[in-house]
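Asker: Before I ask anything, here is the structure I am working with.
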Amino acid sequence: MWMQDKAYRRLFWKIVATTLSFSLVPLLALGFSMYREFRVSYTAKIMESLRTLTENRSHAIDLFLDERISQLNTIAYTHTFENLTDEAYLNSVFTLMQSRSRSFVDIGIIDRNGIHAAYVGPYELKGLDYSNESWFQEVLLRGVYVSDVFTGFRRFPHFIIAIARRQENRIWILRATIDTEIFDGMVKAAQVGQRGDAFVVNKDGILQTPPRFGEKLLSMANYPISSRFAGTRLEEKELGGEMALFAAAWLRNKDWLLVVKEDPREELLPLAHARLLVVGLGVGGVLLIVVGTVFVARVMIGQLIKSEREKAYLDATLMQSTKMAALGKLAAGIAHEVNNPLAVIKEKVGWIRDLLSEEEIQGSENYGEFEDAVRKIDYHVDRAKKVTHRLLGFARRMEPVLEKVDVNRVLDETIDFLRNEAHYRSITIQTEFCRDLPQTMSDSSQLQQVFLNILNNAIDAVGKDGLISVTTQYRPSDREIAIIIQDNGPGIPNEMLTRIFDPFFTTKEMGSGTGLGLSISYSIIEKLGGRILVASEVGQGTAFTIYLPIKDGPPI
């Protein structure tokens, strides 16, 4: 009846047009914004998941190589050349290695001339001459060497880890072959979905593990290799006519690049479903709004008395739309995750060795000291890497490697490493070692890390022109060894002593320390079954006392 009135009819269509404009535009804008934010967030989540997968896998591979290097280092530096060239003895050592981890295929001892003096494994390699092999020269140069995958005398792809040991005036090499099936399995664990892939290439782009699709092992990878970079690189690119998501991370122990590939069609399938859902909801929403607008307009025209109620309804609808928009922005902000990639520290020892190889430097009367210093730097850098991975593996409850340990010898080696720094600062390090100190079953590498942390702190605390004393005592009644490291620095206030072993707590100036050294040391000593105490007096100095239980028995 009111439709016959032009005024009401005009008002009706104005209300319909205005309501549809103010309803559909925000709805479409909101739907588009939410879908866009969801797409951005979901894509970021996929890329972040790919980054995390790649980082975790690269850390696992680095940890695998660290543990193998550590195991071989332990064997090389706890046995003599004469012991290991006895193949019966070497076979027992290899059997013990295999009982811990079956990641080694064989083991061999190679003299300085490159002759395979002793060998345990499935091949006939004893007596072979490796002097012309590139890896032989590399291990003599570097001390610790992980090779690229090669065929060698076996005529079968493999890679080796070799440790050069200087024993008095003799240099020899402990060489072991890694089981490529185990290593390949670690890499393949990063393959996701039906089209996902994961492989390792060297710096020249040669495949070190077989990819799931395409090229073969030791062929050129269909992936562009760039110069070494820090962290994990994410990118979407087209290779072989197909778009794919790639994550790449350089390994820390070797110039190998781990590449993880994922098919975006598989990963973004939920996003396509979300797009269909948004379109369906949008169409349904538009139809609902049209019907509702006509109904509301009819009610408004037919019942002017209810106009205020209809206005309140529209205000509530607008407020709800505003809340939904704010909620969408908040959800989008929370969805963005922050990742701090690990910075990779490049070693410079190789460059120094290259300088030492020049004839002018070789003629120096201090050349031997230079070479010894470089070797020690290289050794302790490897130790630092291992300790860093132990720190990273605390949550995984990594257990220490037990061996017969002479605490006095470990302290001597640690002090010798810091002696130049102490001499430069005019700091005297006095030692008073118990001569009949018994050996104990412990982890020499972790103990050295503890001693290094505490002695470094003592040197930093003293500053210059001071005294540090290191004392060892045997306490037969308690079946334990006591190590006291005392300095005459400024001391630590009492209110700080209760927090001295807390993670990230430090008394040093901002930027001078991480606050992790003593926390790590405390954890190490606790895992080894000992305890560590600290006593300090302001103006008098600080003393750390470490108690280690005396444990007997063969190494585990």
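Asker: Before we move on, is Asp443 surrounded by fewer than 17 Cβ atoms within 10 Å (Cβ to Cβ) and at pLDDT 60 or above?
Answerer: no
Asker: Can we say Ala482 is in a helix (DSSP H, G or I) and not β-branched (Val, Ile, Thr)?
Answerer: In short, no.
Asker: Checking the condition at negative phi, out of contact with any strand residue (DSSP E or B) (no Cβ under 6 Å at 6 or more places or on another chain) and of a type in the set (Lys, Arg), which residue from Arg51, Arg100 passes?
Answerer: Just one listed residue meets the conditions, Arg100.
Asker: Here's another thing I want to ask about it. Output the residues belonging to the stretch 152-202 that are farther than 16 Å from Phe64 by Cβ, of a type outside the set (Lys, Arg) and out of contact with any strand residue (DSSP E or B) (no Cβ under 8 Å at 6 or more places or on another chain).
Answerer: Phe153, Phe156, Gln167, Glu168, Asn169, Gln194
Asker: Residue pairs, Cβ under 7 Å, 6 or more apart or interchain, first in the stretch 250-262 and under 20 Å from Arg195 (Cα atoms), second among the acidic types (Asp, Glu) and crowded, with 19+ Cβ neighbours inside 10 Å. List them.
Answerer: That search, which allows pairs on different chains as well, returns Lys261/Asp197.
Asker: Going through the stretch 120-138 one residue at a time, which ones are out of contact with any Asp or Glu (no Cβ under 9 Å at 6 or more places or on another chain) and within 14 Å of Gly108 (Cα to Cα)?
Answerer: Glu124, Gly127, Leu128, Asp129, Tyr130, Phe136
Asker: Moving on to the next point. If Phe229 passes every condition in (1) farther than 18 Å from Leu63 by Cα; (2) modelled with pLDDT of 85 or more; (3) surrounded by 21 or more Cβ atoms within 10 Å (Cβ to Cβ) but one, which one does it miss?
Answerer: Evaluating Phe229 over (1) farther than 18 Å from Leu63 by Cα; (2) modelled with pLDDT of 85 or more; (3) surrounded by 21 or more Cβ atoms within 10 Å (Cβ to Cβ) leaves (3) as the failure.
Asker: Another question, then. In the stretch 492-505, is there at least one residue being touching a strand residue (DSSP E or B) at 6+ places or on another chain (Cβ under 8 Å), farther than 21 Å from Val401 by Cα, at pLDDT 85 or above and surrounded by 15 or more Cβ atoms within 10 Å (Cβ to Cβ)?
Answerer: yes
Asker: Collect the residues in the stretch 242-284 that are modelled with pLDDT under 85, assigned to a strand (DSSP E or B) and small (Gly, Ala, Ser), keeping them in residue-number order.
Answerer: The answer is Ala244, and nothing else.
Asker: Given the condition farther than 30 Å from Thr232 by Cβ and either assigned by TED's automatic domain parsing to the domain that holds Leu141 or out of contact with any helix residue (DSSP H, G or I) (no Cβ under 6 Å at 6 or more places or on another chain) (or both), answer yes or no: does some residue in the stretch 52-66 qualify?
Answerer: no
Asker: Can Glu133 be described as out of contact with any Phe, Trp or Tyr (no Cβ under 6 Å at 6 or more places or on another chain) and either within 21 Å of Val401 (Cβ to Cβ) or surrounded by fewer than 17 Cβ atoms within 10 Å (Cβ to Cβ) (or both)?
Answerer: Spelling it out, it is not the case that Glu133 is out of contact with any Phe, Trp or Tyr (no Cβ under 6 Å at 6 or more places or on another chain) and either within 21 Å of Val401 (Cβ to Cβ) or surrounded by fewer than 17 Cβ atoms within 10 Å (Cβ to Cβ) (or both).
Asker: Would you be able to tell me the number of residues in the stretch 413-440 that are in a helix (DSSP H, G or I) and either within 19 Å of Tyr522 (Cβ to Cβ) or modelled with pLDDT of 90 or more (or both)?
Answerer: Qualifying residue count, the stretch 413-440: 1.
Asker: Quick one: in the stretch 67-114, which of the residues that are of a type in the set (Gly, Ala, Ser) and touching a residue at least 40 places away in the same chain (Cβ under 8 Å) is surrounded by the most Cβ atoms within 10 Å (Cβ to Cβ)?
Answerer: Here the answer is Gly108.
Asker: Looking only at the stretch 127-161, count every residue that is part of a strand (DSSP E or B) and under 16 Å from Phe183 (Cα atoms) and tell me the total.
Answerer: Selection size over the stretch 127-161: 5.
Asker: Looking at the stretch 54-65, can you tell me whether even one residue there is surrounded by 15 or more Cβ atoms within 10 Å (Cβ to Cβ) and over 20 Å from Ser103 (Cβ atoms)?
Answerer: yes
Asker: Of the numbered conditions (1) assigned by TED's automatic domain parsing to the domain that holds Ala249; (2) within 17 Å of Ile107 (Cα to Cα), Ile163 fails exactly one; give the number of that condition.
Answerer: Among (1) assigned by TED's automatic domain parsing to the domain that holds Ala249; (2) within 17 Å of Ile107 (Cα to Cα), Ile163 violates only (1).
Asker: Among the residues of the stretch 422-480, what is the count of those that are of a type in the set (Lys, Arg) and closer than 14 Å to Arg409 by Cα?
Answerer: Qualifying residue count for the region: 1.
Asker: Let me ask something additional. Could you look through the stretch 116-170, keep only residues that are among the β-branched types (Val, Ile, Thr) and within 26 Å of the chain's Cα centre (by Cα), and pick out the one that is nearest to Asp184 (Cα to Cα)?
Answerer: Val149
Asker: Are any of the residues in the stretch 193-202 under 21 Å from the mean Cα position of the chain (by Cα) and either in a loop (DSSP other than H, G, I, E, B) or on the phi > 0 side of the Ramachandran plot (or both)?
Answerer: No, the conditions are met nowhere in the stretch 193-202.
The values are calculated or read from the model by the stated rules, or taken from the named source; none is laboratory data. Please read these numbers as outputs of a predicted model, since none were measured by experiment. As a convention, Cβ positions derive from the backbone with ideal geometry for all residues, glycine included, and neighbour counts pool all protein chains shown.
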